[in-house]
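Working notes for the structure below.
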Amino acid sequence: MIVRIADNIVSPLGFSSEENYRAVKGGKSALRLYQNHFDIPEPFTASLFEEGKIEQQFSTLHSTKQYTDFEKIIILSVSKALQQTNVNPASEKVQIVISTTKGNISLLDDNKDGFPSDRVHLGTTAQVIADYFGNPNP
């Protein structure tokens, strides 16, 4: 038996499942044509977060540590999902698992914004997230 206890979606359409649902139901899309973006010479279509939007949302958590945008998105999403539960993320019974198609891909670039190169690995990202929530498990 599968039981949903909480959910949350963070995307360029919104920072909650409800916001994303309403946007999709309303026919909205965050896909845009970008030209000369990320120093890519060819135009491309993508769904990107509005500049500063991730930081604006993350600032509500009042964290003093440095996180990549990808890590901020995960922390925001997990925080919102946890608000729907009585789960203690610091419990040794809780395991942090991350599944993604992209991860910290911005760290593949030569300019890593001061982050160590191992932050590109999902295991490292999972540990960073676990540490944020005080979770003792690797």
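Overview of values
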item	result
Odd one out for ALA130 among (1) surrounded by 10 or more Cβ atoms within 10 Å (Cβ to Cβ); (2) touching a residue at least 24 places away in the same chain (Cβ under 8 Å); (3) in contact with a helix residue (DSSP H, G or I) (Cβ under 8 Å, 6 or more places away or on another chain); (4) aliphatic (A, V, I, L, M)	(3)
Matching residues in the range 109-126 - criterion: being of a type in the set (S, T, N, Q) and either closer than 17 Å to LYS72 by Cβ or in contact (Cβ under 8 Å) with a residue 24 or more places away in the chain (or both)	THR124, THR125
Residues located in the range 14-52, provided they are free of Cβ contacts under 8 Å to residues at least 24 places away in the same chain, out of contact with any Gly (no Cβ under 8 Å at 6 or more places or on another chain), closer than 26 Å to LEU82 by Cβ and surrounded by 11 or more Cβ atoms within 10 Å (Cβ to Cβ)	GLY14, SER17, GLU18, GLU19, TYR21, VAL24, ALA30
Residue in the range 64-80 that is over 19 Å from ASN135 (Cα atoms), exposed (fewer than 13 other Cβ atoms within 10 Å of the Cβ) and modelled with pLDDT under 95 present	no
Among (1) assigned to a loop (DSSP other than H, G, I, E, B); (2) closer than 24 Å to ASP118 by Cα - the single one SER91 does not satisfy	(2)
Selection count where residues are under 17 Å from the mean Cα position of the chain (by Cα), surrounded by 13 or more Cβ atoms within 10 Å (Cβ to Cβ) and over 18 Å from ASP7 (Cβ atoms), scope the range 84-103	1
Sole exception among (1) touching a residue at least 24 places away in the same chain (Cβ under 8 Å); (2) open to solvent by 50 Å² or more (accessible area, probe 1.4 Å); (3) part of a loop (DSSP other than H, G, I, E, B) for SER106, by number	(3)
The range 23-64, residues that are more than 15 Å from LEU13 (Cα to Cα) and in contact with a helix residue (DSSP H, G or I) (Cβ under 7 Å, 6 or more places away or on another chain)	PHE58, LEU61
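The values are calculated or read from the model by the stated rules, or taken from the named source; none is laboratory data. Bear in mind the structure is a predicted one, so any value in this text is a computation, not a measurement. Note that we place each Cβ from the backbone using ideal geometry, even for glycine, and neighbour counts take in every protein chain shown. Side chains included, ligands, DNA and RNA excluded: accessible areas come from the protein's heavy atoms. Shrake-Rupley method; radii C 1.70, N 1.55, O 1.52, S 1.80 Å.
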